[in-house]
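Only one structure is covered here, and it is reproduced in the block below.
Just so it is clear, none of the values below were taken in a lab; they were calculated from the coordinates. Quick caveat: nothing in here was measured; it's all calculated off a predicted structure. Cβ atoms come from the backbone with ideal geometry, glycine included; neighbour counts cover every protein chain shown.
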Amino acid sequence: MHAPRPPPAFTALRGEIEKIQARGRVRRDVLPFGVACLDARLPGGGLAIGALHEVAGGGRDAVDGAAAALFVAGIAARTCGQVLWCVVRPDLFAPATAHAGLAPDRVIYVEAGDDKAVLACFEEGLRHKGLGAVVGEVGRLSMTASRRLQLAAEGAGVMGLAIRRWRRSTEAADFGQPTAATTRWRVSALPSTPLPTAGVGRARWRVELLRCKAGDCADFELECCDETGRLDLPAELADRSDPAASGSRRAAG
Amino acid sequence: MTIGRDGRKRVVLAANAPALGLGLRPGVPAAKARALVADLILHDADLQDDALALERLALWALRRYSPLVAPDPPDGLILDVTGAAHRFGGEDALLADMIDRLAAVGVTARAAMAGSWGAAHALARFAADPRLVVASDRSGLAAGALPIRALRLSADLVDTLERLGFETIGDLERQPRAPLALRFGIDLTRRLDQVYGRVNEPIDLVEAPDPIQVRRAFAEPVGAPETLARYTLQLVEGLCAILETKGLGARTLDLRFLRVDNRVEAIRIGTAQPVRDIARLTRLLCDKLETVDPGFGVEVMVLTASLAEPLDWKPGASDLIAAPEADVSALVDTLANRLGERRLYRMTPGESDVPERSVQRIAPTAPATGASWSPAWPRPSRLLARPEPIETVALLPDQPPVSFTWRGTRRRVRRADGPERIFGEWWRRDGELDAVRDYFQLEDTAGERYWVFRRGDGERAATGDLSWFMHGLFG
């Protein structure tokens, strides 16, 4: 299960471009997901640490952001250090993030009054440099605001995770607008893993990588975070050929 | 009940609640009060002691609420909370906190917040609401409806005015000013102006005894923000030098600006732990500089550490053994001073199975508890602020529903899990003695998962009416 290997000339060119883009900044570290097909799609083999990543829920979750919050909690759980979580509506239920591996002692919540205050706290947290990750729940994220966050994250080497969450489902079309984030994800619920008895199994998500700087788009069907924040490939898919590798969807990053 | 002298008469100055119920109000002659109620307990008023107690109360308010506090004798305090209320999460929250804390030590307090000292004085004493916040531009209007006694005039003058038919402050305000001043003296118009905020009223500030402070007087008034920031840095450097010799760190810093027009502007910052870091304290103060109105210029800047605590050196972690633990208290202070202390918190498990009570907020810099929630029970990632009623179709009353309608959308249930039974906590509220909630995890045809509960166990009616509620959303 491997992504198609790009020709060597292409790889060399990419390295050149990266050098120009980095402009003397420290080389980026990455945080792998630990799921081979997912990591193969990301440049460097994982989620860049000093960068901004956006996550939104699909369908009903664009308003509630329940799956997006868990996806982000799973990523934040695998970083080191404390996590600053900026919210407008205090409806995040801490036991669920703890089940996704993010220990309650590690999370500092900030209840900012509005989107603007969330962005200010978000940036302040990124610039502080001492945190493992900074999470912000925002609706509108303009190019300027996201550029500021991306630069702050690059400068400090701290991962910024923006959960895009709108007041109404009609506003979710805003997710099509471009931002300066390094990757953009959409997480939607799928029917859970079937159990041999009555009951609800482990939740499954359709995780779409909608945009990835220096990478391709892809989508995956994954099982939700376990108690260490790791995603898993569903058992019946793990032994099958990678549907994303068949090259059905390719787009410029 | 205390009595004291007003001129030659002995009159009642203060009375407790039972005495007030008998109609003995302050101002009644002592002889008359004794005649009305036989077994009255009278004490001589000790005005000096009262003044001292008020001074102590003012110092408490200075430490806790605002850098600008003055006693307003005989029975009040005046606080300028511009630039200080944000730490309590707003003006109303500050008043509530103050009244609660005073009530805890047995003092019944009334508080009002308005645009001027005069208006706040009147509203605190004569408005019906014991806790009132009036916007600056409406405070004159609100005070206008109050009786003339609220104006801080002598009792004789109030009597005269009332005899002439003036009842409220608004009545006086509507009269032509010149005849009013001529007939009753300049004092009356001055008090009126003070209520309506037309003249400044210098307040006689209390100072903490033996303060740790540095001051800087300028030959020429300064006003440019950059200049103020530069001198702030100098003051912080001076203060940190003093703190270092004493082995202390600042918990609360007040920076006061004495303006050329005799007004005082102030900012106050707080830190979660004692701090003596020049860059960090300067940053916190400069964040707030934009709230200061320098007017025509600032003559003197005074920086006071109104709360300082011992600060010990900690050995730095050795790189050889472990990476140093990052210190987030600087970030916590910055955000807390910007948004208010209560907006920052950590969550910790509460001693309860009821979802709403199973999380508790603690201070962000509190030591790690190491506790977490049991991973055995599924919990949704979003919990609704309050459970929302849903309409359900179930085959049997004690089975999970086969479909439900929430927020106007009908959803068919494909899989369900439950129940997880949670009992009411009778030791908290009597009403919860029999209450039962049965929680179910439902998954609809699209794969979205919900956390719903049914009130009651379906056997005994006392446990609940079998109505269904949506309480959370799984990710």
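Amide H neighbours of B:V402 under 5 Å, at least 5 residues apart or on other chains, H built in the peptide plane: list them.
B:V393, B:A394, B:L395
Collect residues whose amide H, placed 1.01 Å from N in the peptide plane, falls under 5 Å from the amide H of B:L77; neighbours closer than 5 in sequence don't count.
Amide H to amide H, under 5 Å and 5 or more residues apart or across chains, B:L77 pairs with B:D72.
Order of B:376-384, B:412-420 by packing, highest average Cβ count within 10 Å first?
Taking the mean over residues of other Cβ atoms within 10 Å, the ranking is B:376-384, B:412-420.
Under 14 Å from the Cβ of B:A93, count the other residues' Cβ atoms, weight Lys and Arg +1, Asp and Glu -1, and hand me the total.
0
Taking a 30 Å limit on the Cα-Cα distance, which of the listed pairs A:K129/A:K213; A:K19/A:K129; A:K213/B:K288; B:K246/B:K288 fall beyond it?
A:K213/B:K288
Output the peptides A:179-187, A:68-76 sorted from most to least packed, where packing is the average of other Cβ atoms within 10 Å over each peptide's residues.
Highest to lowest by the protection proxy: A:68-76, A:179-187.
Let me know the mean shielding of B:288-301 by other chains, meaning the per-residue number of their Cβ atoms within 10 Å of its Cβ.
Mean shielding by partner chains, rounded to a whole number: 0.
Let me see the P(r) profile for chain A: every Cα-Cα distance counted, bins of 5 Å, each bin given as a percent of all pairs.
Pair shares across the bins are 1, 6, 13, 19, 20, 17, 12, 7, 3, 1, 0, 0.
Order these by the 10 Å Cβ neighbour count, fewest first: B:E309, A:E16.
Least to most surrounded, the residues fall as A:E16, B:E309.
Enter the mean number of other protein chain beta carbons within 10 Å of the beta carbon of each residue in A:105-118, as an integer.
Shielding by partners across A:105-118 averages 5.
Give the residue from B:P397, B:W427, B:A462 lying farthest towards the positive end of the charge dipole for the range B:382-473; charges sit on Cβ (+1 for Lys and Arg, -1 for Asp and Glu) and the dipole is referred to the Cα centre.
Working it through, the farthest residue towards the positive pole turns out to be B:P397.
Which GluC sites (Glu not before Pro) from the range B:157-255 combine a DSSP loop assignment with at most 15 other Cβ atoms within 10 Å?
Loop-located and lightly packed - B:E167, B:E207.
Count the net charge of all other residues whose Cβ sits under 14 Å from the Cβ of B:G238, scoring Lys and Arg as +1 and Asp and Glu as -1.
Result for the local shell: +3.
Applying the Karplus parametrisation 6.51 cos²θ - 1.76 cosθ + 1.60 with θ = phi - 60° to the phi angles of the range B:261-277, what ³J(HN,Hα) value in whole Hz is obtained for each residue in order, glycine and proline being reported as x?
Per-residue couplings from phi come out as 8, 6, 9, 10, 9, 8, 10, 10, 10, x, 10, 6, 9, x, 10, 9, 8 Hz.
Cross-link candidates for B:K9: which lysines have Cα within less than 26 Å, leaving aside residues fewer than 8 places away along the same chain?
B:K32
Looking at chain B, do any whole DSSP H helices span at least 30 angstrom along their long axis by alpha carbon and average 0.0 or above on Kyte-Doolittle, and which?
B:225-246
Going by average Cβ neighbours within 10 Å, how do the peptides B:147-156, B:112-121 rank, with the highest at the top?
Top to bottom by mean Cβ count within 10 Å: B:112-121, B:147-156.
Throw me the Rg/Rh for chain B, computed over C-alpha atoms with Kirkwood Rh, two decimals.
Dividing the radius of gyration by the Kirkwood radius yields 1.08.
Just from its helices, what would the mean residue ellipticity at 222 nm be for chain A, if runs of 4 or more DSSP H residues each count -39500 (n - 2.57) and the sum is divided by every residue, rounded to the nearest 500 deg cm²/dmol?
So the helix-based figure for chain A works out to -8500 deg cm²/dmol.
Between B:A224 and A:K116, how high is the FRET efficiency from 1/(1 + (r/R0)^6) when r is the Cβ-Cβ distance and R₀ = 35 Å? Nearest 0.05.
Computed FRET efficiency for B:A224 and A:K116: 0.85.
In Å and whole numbers, how far do the C-alpha atoms of the range A:1-144 stretch along each principal axis, longest first?
Sorted from largest, the Cα extents of the range A:1-144 read 50, 34, 30 Å.
Give me the distance between the Cα centres of the range A:121-165 and the range B:195-220, rounded to whole Å.
First find each Cα centre; the distance between them is then 41 Å.
Assuming 1.002 mPa s and 20 °C, estimate D for the protein assembly as shown with Stokes-Einstein, Rh taken as the Kirkwood radius over Cα pairs, in µm²/s.
Taking Rh from Cα pairs, D becomes 70 µm²/s.
How about the range B:435-475: which GluC sites (Glu not before Pro) there lie in a loop by DSSP and see at most 15 other Cβ atoms within 10 Å?
Qualifying residues, ordered by number: B:E459.
Looking at the range B:357-464, which chymotrypsin sites (Phe, Trp or Tyr not before Pro) are in a loop (DSSP not H, G, I, E or B) and have at most 12 other Cβ atoms within 10 Å?
Those that pass, being in a loop and sparsely packed, are B:W426, B:W427.
For a Förster distance of 22 Å, can you work out the FRET efficiency between the beta-carbons of B:D75 and B:R25, rounded to the nearest 0.05?
After rounding to 0.05, the efficiency reads 0.95.
If you take the beta carbon distance between B:F423 and B:I242 as r and set R0 to 60 Å, what does 1/(1 + (r/R0)^6) give as a FRET efficiency, to the nearest 0.05?
With R0 = 60 Å, the Cβ-Cβ based efficiency is 0.55.
Would you mind giving the average projected area, over all directions, of the Cα convex hull of the range B:382-473 in nm² with one decimal?
Computing the convex hull of the Cα atoms and averaging its projections yields 6.0 nm².
Give me a single rounded figure for B:349-355: the average over its residues of other chain Cβ atoms within 10 Å of their Cβ.
1
Based on DSSP H runs of at least 4 residues, each adding -39500 (n - 2.57), what is the mean residue ellipticity at 222 nm of chain B after dividing by all its residues, to the nearest 500 deg cm²/dmol?
Estimated from H runs of four or more residues: -8500 deg cm²/dmol.
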